[in-house]
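Below is one structure, written out as C-alpha cells; the observations come after it.
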Amino acid sequence: MHSGTVVVLYAGSFSDLMSQKVDPAFHAATGYTVTGVSNGSTALATEIKGGIEVGDVFISASPKADAALAGATNGNWVSSYSEFGKSRLVLAYNPSSSFAAALTTQPWYSVIDRAGFRLGRTDPMTDPKGVLAVKALDETAAAHHLAALAALATSGANVFPETSLVGQLQAGQLDAGFFYAVEASAAKLKTVPLTGTTLAAKYTIAKLRGAPHGAAALAFIAYMLSPAGQRILSDSGVTPVVPAVQHSGP
C-alpha cells in the first residue's frame, strides 16, 4: 500500500461519481488519497494553461479539451490521453414539476418550449455538455420545424454553472435540465431519453505535464482503466470503452 495524494482535475459531471465511488475505492485499493477539483472541462483546460489549477490527472468530457492542452503552442500539458468511457446526454426532470407528467408521456421536445417551463443547461463556452445541449436543441428544432427550440438554444436565460445545475433541479428551481446519464445516476435524478439524438460525453483521462505526484497519477490512471474501475463506471451510467482508445500528440 502507498500513501500520499493525487490531484485529479475532472469534469463537473464526474463530481458525485468521484466523491462517492471512485475516491474511496481507489484509496482502499492503493492507499493513495484523491484531492479533486471539479469544473467544466473547457474551463479546466483554460485554468490549467493559465496556471490557475495545478494537478496530476485531467479527466475531460470531451477530447477537444485535451486537444486544447496538446502541442507546444498549448504548453504541452497533455502529450497523450485515453478515451475510457461514454455517457449519453439525457433530460432530467423534477418529479414535483407541473410538467413532469407531460415529460413522461409526450416527446420531450413538445414540452420544454411551453410557457412557464424552466429549462437548465450549461455554458457551451466552458462545458462540452453545453455544446451537446445546444446541438440537441438545434438538431431537433430542424428535424421537427420547431422555431421555439432553436430560440432556447441561443437564450442565455437557461444557462447555469455545471457545478450548481443538479442542485437547481433538485431544489425545484428548474423543471428539467440537460445532464449526462452518469451525473443523473449519481444524483438519483429522474430522466427521459432525448429521442431523436445519440449525443454523449466522451470521457478521457491524461497525466498532466509536470505532475507533482507522478507515481500516484499513473496509479490512478491504471485504476480507472482496470476491470475494477470499469465496473464502477458501468454501474454508474458510463459505458466503458474497452480497451481504452489511446491518442498521442496534438
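Of everything in the range 145-165 that's part of a helix (DSSP H, G or I) and free of Cβ contacts under 8 Å to residues at least 40 places away in the same chain, which residue is farthest from the chain's Cα centre (by Cα)?
Across the range 145-165, the extreme among qualifying residues is ALA147.
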All positions within the range 194-250 that are crowded, with 16+ Cβ neighbours inside 10 Å, over 17 Å from the mean Cα position of the chain (by Cα) and within 30 Å of ALA141 (Cβ to Cβ): THR197
Single unsatisfied condition, LEU44 versus (1) touching a residue at least 60 places away in the same chain (Cβ under 8 Å); (2) hydrophobic (A, V, I, L, M, F, W, C); (3) buried (at least 18 other Cβ atoms within 10 Å of the Cβ): (1)
Pick from the range 59-79, criterion touching a helix residue (DSSP H, G or I) at 6+ places or on another chain (Cβ under 7 Å) and hydrophobic (A, V, I, L, M, F, W, C), ranking: farthest from VAL238 (Cα to Cα): TRP77
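One line per residue, one yes/no per condition, for (1) out of contact with any Phe, Trp or Tyr (no Cβ under 9 Å at 6 or more places or on another chain); (2) among the small types (Gly, Ala, Ser):
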{"position": "VAL111", "(1), (2)": "no, no"}
{"position": "PRO124", "(1), (2)": "yes, no"}
{"position": "ALA136", "(1), (2)": "no, yes"}
{"position": "LEU146", "(1), (2)": "no, no"}
{"position": "GLY156", "(1), (2)": "yes, yes"}
{"position": "THR163", "(1), (2)": "yes, no"}
{"position": "PRO193", "(1), (2)": "no, no"}
Answer residue from the range 117-130, given it is modelled with pLDDT of 95 or more and surrounded by fewer than 19 Cβ atoms within 10 Å (Cβ to Cβ) and is nearest to ALA65 (Cα to Cα) among those: ARG118
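The values are calculated or read from the model by the stated rules, or taken from the named source; none is laboratory data. Every value quoted in this text rests on a predicted model; they were computed, and no experiment measured them. All Cβ positions, glycine included, derive from the backbone under ideal geometry; neighbour counts span all protein chains shown.
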